[in-house]
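Working notes for the structure below.
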Amino acid sequence: MDNMTMFASYTLMEPKDSKSFRHIYFTCFLVLYILIIFVNTWVSAVIVLERALHEPMYIFLCNLCVNDLYGAAGFYPKFLYDLMLDSYVIPSYMCAIQTFVIYSSVMCDCTTVTVMAYDRHVAICRPLDYHTKLNRFSCGVLLAFCWILPFVYMIICVMLTNRLKLCKYHINKLYCDNWSIVKLSCESTVINNIYGFLVISFYSCLCVFIIVSYIRLVIACKASLECRRKFWQTCVPHMFTVMNYVVAVFFDAMYSRYGSGNVSENLQHFLALEMLIVPPLVNPVIYGLKLKEVRKRILKSFVYIRKQ
């Protein structure tokens, strides 16, 4: 028991050949971060400023973009700071904050795409009830659901992790996450494991709900050409987002389970970073290109900026 303590700071994994290529890494990740900020801010601004886009589907898309900005802020500034100073140390309180921000953002992504699946299900399967079921009040409740639930889950998760006494201080990852910290403990982590299983089970149920919704949508769209047109116009980007999210979470889970040494270091980094690079960069691009109303107004704003 004497070897167990609460460390004031942790060390993080260094990128491969960071001494030689840290300036290249810094430039690449800075460009990535700027792109993520740019595309998500642009799509969000277009939706907020255009009154014609003040519909539930576009409001939920705006929420997805805002959440991607929130999640990226939990990783990129700290990682760029580490690359710039070549010092991969993080205080324990910042580690808890980073864990909270990154994984509450991931959970908010899941709840948001679930709400978007519900929105498309009502719009296509029950179009006459759409404005009744998705009025201003219900949209507010659904948006609150997207944010409050992940925040509550992560507050409990961080509190359960912070109660543990640790016997190691090196996190084998480029950023802090709850599972990596739990693995540093010499105490029993049964409570943490049970809580993690319950959270994973709940979000797995949300994924099942999304799959069932789309199966019902495909069945419903067979009978109507208008429904098929609406499905391809509005649901295809959402399906890409769902697949993107599932792949990202799967990679992160694979990293947490097998990333300690059973795979190459480059693959470890890819598994760890895919969740933080691909969804926030690809989601607004997919929606901006596929959704006609969003694409039209993005091009309109681009033309206006060029004229100015």
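In table form, for the structure just shown:
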{"read-out": "Ranked packing of 131-140, 273-282, most packed first, by mean Cβ within 10 Å", "value": "273-282, 131-140"}
{"read-out": "Protection proxy ranking of 107-117, 48-58 - average other beta-carbon atoms within 10 Å, highest first", "value": "107-117, 48-58"}
{"read-out": "Helix runs (DSSP H) in the chain reaching 24 Å along axis by Cα, Kyte-Doolittle at least 0.0", "value": "18-49, 56-73, 92-125, 136-162, 190-221, 225-258, 265-290"}
{"read-out": "Carbon/sulfur fraction of accessible area - the chain, other protein chains in place, 1.4 Å, %", "value": "70"}
{"read-out": "Estimated 222 nm signal from helices in the chain, with DSSP H stretches of n ≥ 4 weighted -39500 (n - 2.57), rounded to 500", "value": "-27000 deg cm²/dmol"}
{"read-out": "Contour excess over end-to-end distance, with Cα ends at His54 and Ser201 and 0.36 nm allotted per residue", "value": "49.6 nm"}
{"read-out": "Packing-based ranking, highest mean first, of 175-185, 10-20 given that Cβ atoms within 10 Å are counted", "value": "175-185, 10-20"}
{"read-out": "Residue-count net charge about Asn283 - beta-carbon cut-off 10 Å; Lys, Arg +1, Asp, Glu -1", "value": "-2"}
{"read-out": "Proximal charge balance of Asp86 [Cβ under 10 Å; K/R count +1, D/E count -1]", "value": "0"}
{"read-out": "Probe 1.4 Å, protein heavy atoms only - accessible area per residue of the chain in square angstrom", "value": "52"}
{"read-out": "Counted charge near Asp68, where neighbours are those whose Cβ lies closer than 15 Å (Asp, Glu -1; Lys, Arg +1)", "value": "-2"}
{"read-out": "Cut-off 20 Å (backbone N to label point 7 Å along Cα→Cβ of Arg228), residues of the range 96-134", "value": "121, 123-127"}
{"read-out": "Rg ratio (alpha-carbon, reference 2.2 N^0.38 Å) - the range 136-246", "value": "1.51"}
{"read-out": "Two-site label geometry, Tyr169 and Leu299: point separation in nm, points 7 Å out along Cα→Cβ", "value": "5.7"}
{"read-out": "Value of Rg to Rh for the chain (Rh from inverse mean 1/r over Cα pairs, i.e. Kirkwood)", "value": "1.01"}
{"read-out": "Choice from Leu267, Leu206, Leu160 showing the highest fluctuation, given a GNM over the chain with Cα pairs closer than 10 Å", "value": "Leu267"}
{"read-out": "Hull-based mean projected area of the range 6-66, where the convex hull spans the alpha carbons, in square nanometres", "value": "7.2"}
{"read-out": "Added length on full extension, which subtracts the Cα-Cα distance from 0.36 nm per residue, Thr11 to Asn162", "value": "52.7 nm"}
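The values are calculated or read from the model by the stated rules, or taken from the named source; none is laboratory data. Model, not experiment: these values are computed from the prediction. When we count neighbours, we look across all protein chains shown, and the Cβ atoms used for this are built from the backbone with ideal geometry, even at glycine. Each accessible area value is taken on the protein alone, full model and side chains, heavy atoms only, with ligands, DNA and RNA left out. Shrake-Rupley method; radii C 1.70, N 1.55, O 1.52, S 1.80 Å.
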